[in-house]
Amino acid sequence: MQLNKFTDYALRILVYISKPRDTPYTIAELAKNLEVSQNHLVKIVHFMSKREWITTIRGKGGGMYLNNATLELKLGEIVRTLQGDQQIVECNNPPCVLRPNCQLKGILNQALEQFYLSLEQYSLGQVLNMSPEDQENSPISFITL
């Protein structure tokens, strides 16, 4: 399964801002260092702020921090939330003539569920604290900055 750009960029943001520091992280800093447009980042930061994954501070000296509770979230929950109700295949729009006898959608949905179950084995905090050796032995690979 391929993650959409929204999910990809959101995960990058979470990893990037996971390192505690005295000053908040800014959209401009993220855009420069992650090489993502500020427009994309504003939408993603707003989305994550509404879910209380991050805290945003407006005005001069403002920016964002990762909420500690977010470190406890399972990757599966994070990715499901970011991906939304994404279907692996679209059988209804336009209607597929093979739909009445096709078993493919069910099989693909099972595979998608296994993907999420694999991600549920890890919290964001666990991923951020894994050694390179642990990452190599894990069934999933991780973003590192």
The residue from E133, E72, E35, E52 that alone is of a type in the set (D, E), more than 16 Å from N4 (Cα to Cα) and modelled with pLDDT under 95 is E133
Residue count for the stretch 79-126, restricted to those that are within 20 Å of L14 (Cα to Cα) and either in contact with a strand residue (DSSP E or B) (Cβ under 9 Å, 6 or more places away or on another chain) or free of Cβ contacts under 8 Å to residues at least 60 places away in the same chain (or both): 13
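State all residues of the stretch 14-28 that are under 19 Å from the mean Cα position of the chain (by Cα) and surrounded by 11 or more Cβ atoms within 10 Å (Cβ to Cβ); if no residue qualifies, say none. Step through it out loud before you land on a result.
Just the residues of the stretch 14-28 that are under 19 Å from the mean Cα position of the chain (by Cα), to begin with: 14-19, 25-27.
Of everything in the stretch 14-28, those that are under 19 Å from the mean Cα position of the chain (by Cα) and surrounded by 11 or more Cβ atoms within 10 Å (Cβ to Cβ) turn out to be L14, V15, Y16, I17, S18, Y25, T26, I27.
Quick check: is even one residue across the stretch 13-22 closer than 24 Å to V127 by Cα and among the basic types (K, R)?
Restricting attention to the stretch 13-22, the residues satisfying the condition of being closer than 24 Å to V127 by Cα are 13-22.
So of that shortlist, the ones also among the basic types (K, R) come out as 19, 21.
So far as the stretch 13-22 goes, yes, one or more of its residues are closer than 24 Å to V127 by Cα and among the basic types (K, R).
Working carefully through the options I88, I107, I78, find the one that is within 21 Å of the chain's Cα centre (by Cα) and in a helix (DSSP H, G or I). Before you say what the answer is, go through the steps one by one.
Values: I88 fails: in a helix (DSSP H, G or I); I107 fails: within 21 Å of the chain's Cα centre (by Cα).
So the residue among I88, I107, I78 that is within 21 Å of the chain's Cα centre (by Cα) and in a helix (DSSP H, G or I) is I78.
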Scan of the stretch 49-63 for residues that are assigned to a strand (DSSP E or B), among the hydrophobic types (A, V, I, L, M, F, W, C) and within 17 Å of the chain's Cα centre (by Cα), ordered by number: I54
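The values are calculated or read from the model by the stated rules, or taken from the named source; none is laboratory data. Nothing here was measured: the structure is a model prediction, and the numbers come from that model. Reconstructed Cβ throughout: ideal geometry from the backbone, glycine too, with neighbour counts over all protein chains shown.
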